[in-house]
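Notes to accompany the following structure.
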Amino acid sequence: MMFKESKISQRLRKLERHLKQENPILSEVVQNFRELDQISRRVGFFHREESHATSTPWWPLISILGIYSAGKSTFINHFLQYNLQATGIQAVDDKFSVICFTRDNKERVLPGLALDADPRFPLYKVSRAIEEVAAGQGEHIDAYLQLKTCPSESLRGKILIDSPGFDADDQRTSTLQITDHIIELSDLVLVFFDARHPETGSMRDTLQHLVKATVNRRDSNKFLYILNQIDVTANEDNLEEVYAAWQRALAQYGLTAGSSYAIYNQDAAIPFEDEGVRNRFESKREADFSAIYNRIEQVGVERAYRIVGMLEQTSHMMKQGVVPILLRFIDQWRRKILWLEGVIVGALVVAFMVLTIWGGYWEGLSLKLPFWDLITQNNYVKYSAIGILLIAAGYVHFSIRRWSANKIIPKLLIEVKDPELHPNYQRAFRKSSRWWRSLILPNPAGWGKGTAARLEKVLDDSNAYIQKLNDEYTNPSGADKIAAEYGRQASGGSPQSDLGFTNKM
């Protein structure tokens, strides 16, 4: 009889089939995620429907962040060549909008629940993160998120996230929590500033949260800083002065290098009084738009490196995080059991000695108890007594095991900083402390030399994938080889394809 294939296995199989057409290297990476899942299930860290592959978006993800009225929505509409996002000088949208492609000829707006409850999308279960920082707000997910579909071909194979301005609503803490989550998931982050209001408090908030917090990140190159609506400086012809002041503000928060641009929307630009100034501004605009769009088009390449990096990071987490933590707390649990049993046995011995000495049962160093002859001479009584003693000892032993495990688990969860992983660690520890597992086994359940070797192979494979990606996208030797351009995603599917997944499976 064949076992029914799990839902997550079906999704991974569809993902592999799609990636074989789009990027065969990533198709191989999916197989390694399967291997990691099997290792995690062996130690009890995952159940049957969990997968490490769902912890990262598989579609290129681009986030648009910044203050309100900085022209984020106008930029998105220009990129899509589709009037999707409402625009205005005031905060016109106080929700995070996840925008993906649809085959329909019209856009749709779906509630935030469509994102929070579907593991194939980014922001899956983000309500938990909201609940942590704003008790009672997790259930009001529709106040924070919405899913928009758009038929623009520019969006095919990509997902955009448009954020509300930092001071666009009163739910500031929750908004920043979601923003941080989006930054972690994204392959490219566009941070917008408004050239009309460079001195406002909202710009300082953006500098504080999005610049200062990102300059020392390993993936800081995925951030593009954009000074928008620079046409307001045209009539005063002080673009260089405004741009320099903005650069100094960035430098004050540690950003001394990186990608920064100055653009404006040509359709909404103020009239240029001087033809020479107009040409200069248009030249700057076209050059910077071209650079930004080029990064957007290359986001698929960055996605490939991100996913391989996630494979390596997850493997290290299992090797250097999960297993050592389980080992340490299993050892604490074992020592607690042995200590308690030692105390109980010692107490029983002391009590026995005191009572027998006090009762005068030791005569000439030989113990003479009233019932001793009955036990030794009657086999039925003897075996019954032995059976009762074994049952009592077993009951005490397993009660101590269970009590000790219940005492250890809270300490284990305190050690694990990520609350979302608490059920995983608790499940793994419970598996290793089941009643039939011997106390002499030092390793967590399912962990041994063979499992460790499998995990080591996944780590080796992740390094090999980086080399394969380098061979795919670089050519340091200058050999006569046409570099494979990562434009294959244009011929691939979209987040609304029939593959049964979107990005986070």
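Every number in this text was worked out from the coordinates using simple rules, so none of it is lab data. Because the structure is predicted, anything quoted here is derived from the model rather than measured. Cβ: placed from backbone, ideal geometry, glycine included. Neighbour counts: every protein chain shown.
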So for the pair Val109, Ile357, with labels modelled 7 Å out along Cα→Cβ, what separation do we get in nm?
8.6
Candidate lysines for bridging to Lys212, where Cα separation is under 30 Å - those fewer than 8 sequence places away on the same chain excluded:
Lys72, Lys95, Lys125, Lys158, Lys222, Lys284, Lys417, Lys504
Say each of Ser259 and Val215 gets a label point 7 Å from the Cα, pointing the same way as Cα to Cβ; how far apart are those two points in nm?
2.0
So how far, in whole Å, is the C-alpha centre of the range 260-333 from the one of the range 1-53?
27
Determine ³J(HN,Hα), in whole Hz, for all residues of the range 103-113 in sequence, where each value follows from phi through the Karplus function 6.51 cos²θ - 1.76 cosθ + 1.60 and θ = phi - 60°; x replaces Gly and Pro.
7, 5, 8, 9, 7, 9, 10, 10, x, x, 4
Under 5 Å between amide hydrogens, which residues at least 5 positions from Leu224 or on another chain qualify, with H placed 1.01 Å from N in the peptide plane?
Val189, Leu190, Val191
As computed over the range 383-438, the Cα convex hull volume per residue (Å³):
63
Sort the following peptides by mean Cβ neighbour count (other Cβ atoms within 10 Å, averaged over residues), highest first: 102-112, 462-472.
462-472, 102-112
Which Rg and Dmax, in Å, describe the Cα atoms of the range 204-312?
16.4, 56
I want to verify the translational diffusion coefficient of the range 1-84 in µm²/s; compute it with Stokes-Einstein, Rh as the Kirkwood radius over Cα pairs, at 20 °C and 1.002 mPa s.
135
Cα-based reach from Lys20 at 16 Å (exclusive), listing lysines while leaving out same-chain residues under 8 positions away:
Lys468
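Once you have the Cα-Cα distance between Arg427 and Arg278, take 0.36 nm times their residue separation minus that, and quote the gain in nm to one decimal. Could the numbers behind the result be given before it?
Details: separation 149, 0.36 × 149 = 53.64 nm, distance 6.48 nm.
Gain in length upon complete extension: 47.2 nm.
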Quote to one decimal, in nm, the extra length available between Ala245 and Ala143 on full extension: 0.36 nm per residue of separation minus the C-alpha distance between them.
33.1 nm
Read phi for every residue in the range 57-70 and hand back ³J(HN,Hα) as whole Hz from Karplus 6.51 cos²θ - 1.76 cosθ + 1.60, θ = phi - 60°, with x for Gly and Pro.
x, 9, 9, x, 10, 10, 10, 10, 10, x, 7, 5, 6, 8
Extended-chain gain in nm, criterion 0.36 nm per residue less alpha-carbon gap, Gln21 and Asn406
133.6 nm
Name all residues of the range 229-268 having a backbone nitrogen under 18 Å from the label point set 7 Å from the Cα of Ser290 along its Cα→Cβ direction, giving them as ranges.
260-266
Could you derive backbone 3J(HN,Hα) for the range 445-452 from the dihedral phi with the Karplus parameters 6.51, -1.76 and 1.60 (θ = phi - 60°), listing whole Hz in sequence and x where the residue is Gly or Pro?
4, x, 10, x, 5, x, 5, 4
